[in-house]
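The values are calculated or read from the model by the stated rules, or taken from the named source; none is laboratory data. Please read these numbers as outputs of a predicted model, since none were measured by experiment. Here the Cβ positions follow ideal geometry from the backbone for every residue, glycine too, while neighbour counts run over all protein chains shown. Note: areas computed on protein heavy atoms with side chains; ligands, DNA, RNA excluded. Shrake-Rupley method; radii C 1.70, N 1.55, O 1.52, S 1.80 Å.
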Amino acid sequence: MLLQAASASAESISTLRRRQEQARAHRVSAAAKLDATRASDQELSTAVANLSNAVHAQVAATDAANQALQAAQVTESQAEARLNATRQRVGQFRSVAVDSAIDAYTHAGGPAVLDILKAKNLGELSQREMYVNTLMSNDRDALDALRGAMQDQSAEQAKLAKARDLMKQRRKDAGDKLRALAGQLKVQAQLQGALDARLADYAAEAEAAANEEGNIQGLLAKAQGADTGPASAAGLIWPCRGPLTSPFGMRWGRMHQGQDIACGYGTAIHAAKAGTVIFAGQMSGYGNVVIVDHGGGFSTLYAHQSRMAVRQGQQVNQGDIIGYVGSTGHSTGPHLHFETRFGGTPRNPRPYLPK
């Protein structure tokens, strides 16, 4: 009963480990397929964390596989040593058996019979008969010893073959674990590099945006003047369609004043709402940027454009092309940085855009 419980427990542990390995492999596979330029901040951070955990687990698995390989190599060496020792014993016993066979063939049993017949009395006869039986017994012992040694040799050969098969399998396991680790380290380095670049870009963009904030506020104040109409973001359309890689809000300790949309390089950017272009030019951090005033203190901002398709003072209708997606300014890849501002203050654009 105890043995059955122990066996069931060992099987459940093995199953759990196998499931954990499968889950890690799935996360690593997902991370390897992740497009860092289109992944969200959360996806990229999670992928890097998953890979870090997987790498730690794979290092442990690789170490365990190498230790198992070393143990198998010791077992193989010991088995080979035992086989060599057994072969020497076989050789020794075979030599004794051959000598006994030659002696028996040479004398053909004659001297033993003559020795018995030459006995002078019953006591001597008995002694000589016992001596002859001892010689014959020794011959049988030599053959039995040879037979036993050869059986041992066969068993040791089988053990050596098994030890070599085990060592071969464990060498393969160790190699597989090492290759998997190398692959994971490569993907980890790539994604960590992408994350580090994004962090650096965010830091530079946030700093540049902070420096430009006064200029933007001045532009909006001048353009909007005494406009007291209602500020409304109702009816906005997406300026371009793509994954939302970075939302509005705090990111790694810095404020992100808009949302990043991963549209492909050169994708047309459309005015989210009708209005007047109050700025079309370059700003530090934002690169090529267009700001559209929609009246009532509501405005939208479109940054990192590869090129702009409008000029300052131009009237645009909703959906008009105002520029094209690029990676100018502080940017790790082509995307649109989109802001919605009320009275010059940035607000989260997502609630105002269609689902």
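Among the residues that make up the stretch 303-315, is at least one of them of a type in the set (Val, Ile, Thr), buried (at least 16 other Cβ atoms within 10 Å of the Cβ) and free of Cβ contacts under 8 Å to residues at least 60 places away in the same chain?
Within the stretch 303-315, the subset of a type in the set (Val, Ile, Thr) is 310.
Subsequent filtering for residues that are buried (at least 16 other Cβ atoms within 10 Å of the Cβ) retains 310.
Imposing the further condition that a residue be free of Cβ contacts under 8 Å to residues at least 60 places away in the same chain reduces the set to 310.
Checked the stretch 303-315: at least one residue is of a type in the set (Val, Ile, Thr), buried (at least 16 other Cβ atoms within 10 Å of the Cβ) and free of Cβ contacts under 8 Å to residues at least 60 places away in the same chain.
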Might you check whether a residue that is under 39 Å from the mean Cα position of the chain (by Cα), at pLDDT 75 or above, more than 13 Å from Glu339 (Cα to Cα) and open to solvent by less than 50 Å² (accessible area, probe 1.4 Å) occurs anywhere in the stretch 214-222?
no
Residue count, the stretch 42-56, condition touching a residue at least 60 places away in the same chain (Cβ under 8 Å) and within 14 Å of Asp196 (Cα to Cα), comes to 4
Within the stretch 254-301, which residues are touching an Asp or Glu at 6+ places or on another chain (Cβ under 8 Å), assigned to a strand (DSSP E or B) and crowded, with 24+ Cβ neighbours inside 10 Å?
Ser299, Thr300
Mind listing just one residue for me: the one in the stretch 175-198 that is crowded, with 19+ Cβ neighbours inside 10 Å and of a type in the set (S, T, N, Q) and, of those, farthest from Asp41 (Cα to Cα)?
Gln184
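Select from the stretch 325-347 the residues that are open to solvent by 60 Å² or more (accessible area, probe 1.4 Å) and assigned to a loop (DSSP other than H, G, I, E, B) and list them in ascending order.
Looking only at the stretch 325-347, we keep the residues that are open to solvent by 60 Å² or more (accessible area, probe 1.4 Å), and these are 330, 332, 345, 347.
Once the filter is applied, which keeps residues that are open to solvent by 60 Å² or more (accessible area, probe 1.4 Å) and assigned to a loop (DSSP other than H, G, I, E, B), the stretch 325-347 yields His330, Thr332.
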Report, by residue number, each residue of the stretch 234-253 that is farther than 23 Å from Ala309 by Cα and surrounded by 15 or more Cβ atoms within 10 Å (Cβ to Cβ).
Pro243, Leu244, Thr245, Ser246, Pro247, Phe248, Arg251
Out of (1) free of Cβ contacts under 8 Å to residues at least 12 places away in the same chain; (2) among the charged types (D, E, K, R); (3) open to solvent by less than 30 Å² (accessible area, probe 1.4 Å), the odd one out for Glu205 is which?
(1)
